[in-house]
Amino acid sequence: MSSVAVAGRTGEWLESPGFGVYVHIPFCTHRCHYCDFNTYSGMEDQYEVYVEALVADILRWEGPAPMASSVFFGGGTPTLLPVGSLARILTAVRDRFGCAPDAEITIEANPEGTGEKVFAGLLDAGFNRVSFGVQSLVPSVLTGLGRMHSPATALRAIAAARAAGFDDVNADLIYGSPWESTSDWRVSLEGIVEAEPNHVSAYALTIEEGTPLATLVATGRVPDVDPDLQADRHGTAEELLGAAGLERYEISNWARPGRACRHNVLYWSAGDYAGFGAGAHGHVAGRRSWRRRLPRDFVAGVDAGTSTEAGAEVLDADARCGEAFMLGLRLASGLDLAGMGRRYGAEPLATRMPVVQELTSRGLMEWEGSCLRIAPSATMVAGDICARLL
Amino acid sequence: MDQAHQRAIAVIAHIDHGKSTLSDRLLQLTGTVSDRDMREQYLDRMDLERERGITIKAAAVRMEYAANDGKRYELNLIDTPGHVDFGYEVSRSLAACDGVLLLVDAAQGIEAQTLTNLYLAVDAGLEIIPILNKIDLPAAQPDKYAEELAALIGGNPDEVLRISAKTGEGVPEVLEAIVEKVPAPTGDPHEPLRALVFDSIYDSFRGVIAYLRVVDGRLTSRQQVRFMAAGLDVDADEIGVMSPDAQAVELLDTGEVGYLISGIKDVGLAKVGDTVTVRPGSAATALPGYREPKPMVYAGIYPTEGDDFPLLRDALDKLKLNDAALTYEPESSGALGFGFRCGFLGLLHMEIVRERLEREFGLSLIATAPSVGYEIELTDGVKKVVRNPTDMPDPSQILEIQEPYVSVMIVTPTEFVGTVMQLCQERRGELKEMHYLSTERVEIRYKMPLGEIIFDFFDRLKSLTKGYASLDYEPAGLYGSSLVRVDVLLNQQPVDAFSTIVHRDKAYDYGKTMTERLRKLIPRQLFDVPIQAAIGSRIIARETVKAKRKDVLAKCYGGDVSRKRKLLERQKEGKRRMKQIGSVEVPQSAFIEALRVDVDGSKT
Ligand SMILES: Nc1nc2c(ncn2[C@@H]2O[C@H](COP(=O)(O)OP(=O)(O)O)[C@@H](O)[C@H]2O)c(=O)[nH]1
Ligand code: SF4
């Protein structure tokens, strides 16, 4: 294992976070009950054309194309595609942008249907980080969430990835679902700790509009999530993951030292990235854009030689600064106001200082050098704090 | 027309018992309004009235009627406001009449407000024609209620007319009964003019239109007249009658009913109850019974947007032109900003004013809890009236506090007598009388502080009696009481809008109710918020809004930055709209909800 600290992997806010490329694979075998991602099932016959379009769209990118410091294949379930297709897409990224020698190249995977062979292939293709959707290690909780895999499958998948040679493995967990007891959550955490991933993301379940789960809650068939209980569960995660040597570097993310996710740190540092694929978002210098949501429309755009962009918004300095607060304050390190000043100028900072002053005097935020962060005790009310600084 | 062939009448009825429908039939039968022109419920003018189903402003309509005796009569139908708050105005309308139609729903029986008005009519010595309406309804029980009515006014159950205003059945008999039973007016045509103003409305084109009945003498147009109580001399620019539209006339003869327009721009100068006479040759004395309108209930009214204060002032100035009973003076509140302390005849009047301010002037308002006027004698002998709890002096300076009492009448099915008495007892009521209207219904009278009525009383009465009881009250003087001010503190900071004056024995209940209500209404903050109720420095109730423990977007990656930003922007906007009490953010809706008391005494 390398122990050299790479920029971004310490989990600290970066004034110059590099450049990221995000690739969206909008396919799943089945939709989970809580999921509102842009993903579709039953479209196996579309994989081929989608990959072709994706490759073509990447190659004809006309925006700034600095060398990528991180690449992220998200979904959906990217590992549904044959390794060869994933390799082709990654090659296109390399061809158009180039990848830094130490670039972090992540792929999201679901535990089911991934064996050691797949991981060896991914490693060969150039991926060096795998992120698993584990969610829980309790069968009844997995059933409630509508997940297809068993706890054993998940643990096996993590082991297989590590055996194949992936150092950087992440496990996503979800807590505070209506089916989960306090001890269920401990069981999941303890099981994950034993599997020794070097990164864990643990999210409070959010009931998103339009999901099957939202309908169940609205009709009273499933109780709504309890925010106090979720706060307790977050505390349990903090306790157990911390004891296992994983440090929380963002609201919902823990990593062993030097193993933070560089791509996500770039997001939270309000950095620039290009996004490819159906519904993918990109951000370059205050311009946020997003592509056509439906895979069919995305493919048609590429085929017709027209842009696949569906919309964009351009933010002024103040809005950019507000957004940078919203994102940067998620990081445990907080954000560096000296760097912020260089990026956005003094004015948008000046207008926010009285609020900062109030929040620090109330113990909700704190300074460390020129870094401003949310006090650890106030992590779980970051939303309220960010809303004031937006 | 000569006095012998005139009849002035009013209809006394509970809401929905069919007054408007009967009025329509009378207008049609007498040919005053052609069937084609018949608009539903002709006499109800304002939208507001129509929606709330109450008649706020009286109107008078003249009808010509060819009776069975072969003679023509001039009938004047004077409308009466149907609610407790307008008791004085009802009494003036009745004073302008020779008789009343007591109209009762044959499926419901008589209600409390109708009883009050009936007693007013009896006191005024008016001929009463009892009528049961809606006999076409399957649920009608005319025999039963005829007995109730007969017992009330004396007489035989078979003298009670039975009609259906809807189908028209029995309505011709009503017209005959008016001619036969109601006496003709007996004023003296040779005396100087004395005309009773029984209603007064403001019209933006014509100014004030005063409705009046000529009691003695005669009124001719372009004469100079004097409003005696106001001491105001004006020219009678136009006189006329409503039939049902306005028609100018040259003369209003003795006994006739009509209107007078005289260039007055403010109803406060042509008040209900005033006497109009001529000048020169004025009458020596005015007609009896004039009274200044007196507010009974006070509340602070504040714009939710502080910038709207000037708009609120303009709106009140305009409303006042049409509402002599409304009073207002500026005040300020730490919690609510700048507003006005307004005085109202009662809770319904308050609700009407508030609705008109919001609807006609597009204002968004917060009203404080209503209060009554307390007369306080200080230890140094000074007397003062306190209409806003925050003006209450320190208890050590107070020698005595007096509060207004009302005489309350409740009509309820006998099965609820116990519940009603318990409620009244709780509200410091003193039982005065019980009168069985029939074996099933009873009229109960209590003397009670008005302050107890304006806080939630009607609501409680209704829910305790499954909606069957009805309520009415009238002022009954001032009495000494042991009263204290209860303050409500948020995070140690008193919120003036929530202070109230209550009886010492009720202080704890009020404190507990308010703190509990607020605990549910105030959103969780980033710290624990204690909510306390206190008398002076003594805490009598306490609740805590626990600090919120989770307000965080669990996830926020590159794909949803815009969406998450919008989410937080909405949250930020919500914060901006909140009132800041110390460090506590309180949404407007919490004030509105916490201060909500149910008010409408008119609905059954
Ligand atoms: N069945 C029936 N309904 C009636 C009769 N008179 C009035 N109504 C209905 O009772 C309701 C209230 O009547 P309205 O004249 O508006 O009552 P007001 O509030 O006293 O003026 C309306 O829906 C009328 O149509 C009647 O004789 N028979
Ligand atoms: S696997 Fe992930 S993207 Fe696919 S449906 Fe489930 S939660 Fe959504």
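Could you compute how much accessible surface B:Met350 exposes when probed at 1.4 Å, giving the result in Å² to the nearest 10?
B:Met350 has an accessible surface of roughly 10 Å² with all protein chains in place.
Hey, for a label at B:Arg313 modelled as a point 7 Å past Cα toward Cβ, could you say which residues of region B:379-401 have their backbone N under 20 Å away?
Nothing falls inside the zone, counting backbone N under 20 Å.
Do any trypsin sites (Lys or Arg not before Pro) in region B:494-575 lie in a DSSP loop with no more than 14 other beta carbon atoms within 10 Å, and if so, which? Intermediate values should be presented prior to the final figure.
Details: sites: B:Arg504, B:Lys506, B:Lys512, B:Arg517, B:Arg519, B:Lys520, B:Arg524, B:Arg538, B:Arg542, B:Lys546, B:Lys548, B:Arg549, B:Lys550, B:Lys555, B:Arg563, B:Lys564, B:Arg565, B:Lys566, B:Arg570, B:Lys572, B:Lys575; in loops: B:Arg524, B:Lys546, B:Lys548, B:Arg549, B:Lys550, B:Lys555.
The qualifying sites are B:Lys546.
Lysines within cross-link reach of B:Lys462: Cα-Cα under 18 Å, excluding same-chain residues under 8 positions apart?
B:Lys603
Distance between the C-alpha centers of region B:144-223 and region A:13-40? Whole Å please.
After rounding, the separation between the Cα centres reads 80 Å.
Please list A:Trp179, A:Trp61, A:Trp268 in order of solvent-accessible area, largest first, computed with a 1.4 Å probe with all protein chains present.
On the way: A:Trp179 75, A:Trp61 45, A:Trp268 0 Å².
So, going from the largest accessible area down, we get A:Trp179, A:Trp61, A:Trp268.
Relative contact order of chain A: what whole-number percent is it, with Cα pairs under 8 angstrom and at least 6 residues apart?
The value is 19 percent.
Give the separation of the Cα centroids, region B:272-306 to region A:98-133, in Å.
Value for the Cα centre distance between the two parts: 88 Å.
Mind checking region A:134-227 for GluC sites (Glu not before Pro) that DSSP puts in a loop (not H, G, I, E or B) and that have at most 14 other Cβ atoms within 10 Å?
When the GluC sites (Glu not before Pro) of region A:134-227 are filtered for loop state and at most 14 Cβ neighbours within 10 Å, A:Glu208, A:Glu209 remain.
Given a Förster radius of 56 Å and the C-beta distance between A:Met43 and B:Phe527 as r, what FRET efficiency does 1/(1 + (r/R0)^6) yield to the nearest 0.05?
Result of the calculation: an efficiency of 0.65.
B:Ile454: accessible area at probe 1.4 Å, nearest 10 Å²?
Roll a 1.4 Å probe over it and B:Ile454 shows about 10 Å².
Which of the GluC sites (Glu not before Pro) found in region B:288-353 are loop residues per DSSP with 10 or fewer other Cβ atoms within 10 Å of their Cβ?
none
In the Gaussian network model of chain A, springs joining C-alpha atoms below 10 Å, which of A:Gly63, A:Gly20, A:Gly277 carries the largest mean-square fluctuation?
Maximum among the listed residues: A:Gly63.
If the label point is 7 Å along Cα→Cβ of A:Ala350, which residues in region A:292-321 have backbone nitrogen under 19 Å from it?
In region A:292-321, the label zone of A:Ala350 (backbone N under 19 Å from the point 7 Å along Cα→Cβ) covers A:316-321.
With the Cα gyration tensor of region A:317-389 in hand, give its eigenvalues times 5 under a square root as the equivalent ellipsoid semi-axes, listed largest first in whole angstrom.
Equivalent ellipsoid semi-axes, largest first: 18, 12, 12 Å.
Can you give the angle from 0 to 90° between the axis of helix B:19-29 and the longest principal axis of chain B, with both taken from C-alpha atoms, to the nearest 10?
Roughly 30 degrees between the two axes.
Of the options B:Leu450, B:Gln580, B:Pro157, report the single residue whose Cα projects farthest towards the positive end of the charge dipole of chain B (beta-carbon charges: Lys, Arg +1; Asp, Glu -1).
Working it through, the farthest residue towards the positive pole turns out to be B:Gln580.
If a cysteine in chain A has no other Cys Cβ under 4.7 Å from its own Cβ, put it on the list, ordered by number.
A:Cys28, A:Cys99, A:Cys261, A:Cys321, A:Cys371, A:Cys386 - these cysteines have no disulfide-compatible partner (Cβ-Cβ under 4.7 Å) in chain A.
With point charges of +1 on the Cβ of Lys and Arg and -1 on the Cβ of Asp and Glu, referenced to the Cα centre of region B:288-389, which listed residue (B:Gly343, B:Tyr290, B:Gly362) lies farthest in the positive direction of the dipole?
The one lying farthest along the dipole's positive direction is B:Tyr290.
Assign unit charges at the C-beta atoms only (+1 for Lys and Arg, -1 for Asp and Glu), then state the dipole size of region A:317-389 relative to its Cα centre in Debye, rounded to the nearest 20.
For region A:317-389, the charge dipole is close to 100 debye.
What do you get for the angle between helix B:347-361 and the principal long axis of chain B? Use alpha-carbon atoms, 0 to 90 degrees, nearest ten.
Value to nearest ten degrees: 80.
Of B:Lys520/B:Lys575; B:Lys520/B:Lys548; B:Lys546/B:Lys572; B:Lys320/B:Lys506; B:Lys318/B:Lys575, which sit over 24 Å apart, Cα to Cα?
B:Lys320/B:Lys506; B:Lys318/B:Lys575
Hey, how many Å between the Cα centroid of region A:240-280 and the Cα centroid of region B:557-587?
Centre-to-centre (Cα) distance: 25 Å.
Say R0 is 60 Å: what FRET efficiency, to the nearest 0.05, do A:Thr182 and B:Asn68 get from their beta-carbon distance?
The formula returns an efficiency of 0.10 here.
Under a Cβ-only charge scheme (Lys and Arg +1, Asp and Glu -1), can you give me the dipole magnitude of chain B about the Cα centre, in debye to the nearest 20?
Details: 75 positive and 92 negative charges, 699 e Å.
So the magnitude is around 3360 debye.
Using a 1.4 Å probe on the protein heavy atoms only, what accessible surface does B:Ile522 show? Give it in Å² to the nearest 10.
About 10 Å², rounded to the nearest 10.
Tell me what chain B gives for mean residue ellipticity at 222 nm when only DSSP H runs of n ≥ 4 count, each as -39,500 (n - 2.57), the sum divided by the residue total, rounded to 500 deg cm²/dmol. Write out the running numbers ahead of the final one.
Details: 14 runs with 149 residues, N = 604.
Value at 222 nm, helices only: -7500 deg cm²/dmol.
Using the Karplus curve 6.51 cos²θ - 1.76 cosθ + 1.60 with θ = phi - 60°, work out ³J(HN,Hα) for each residue of region B:225-234 in order, rounded to whole Hz, and write x for Gly and Pro.
10, 10, 7, 5, 5, 6, x, 10, 9, 9
The values are calculated or read from the model by the stated rules, or taken from the named source; none is laboratory data. Values in this document were obtained by computation on a predicted structure and should not be read as measured data. Positions of Cβ are generated from backbone atoms using ideal geometry, with glycine treated the same way; all protein chains shown enter the neighbour counts. Note: areas computed on protein heavy atoms with side chains; ligands, DNA, RNA excluded. Shrake-Rupley method; radii C 1.70, N 1.55, O 1.52, S 1.80 Å.
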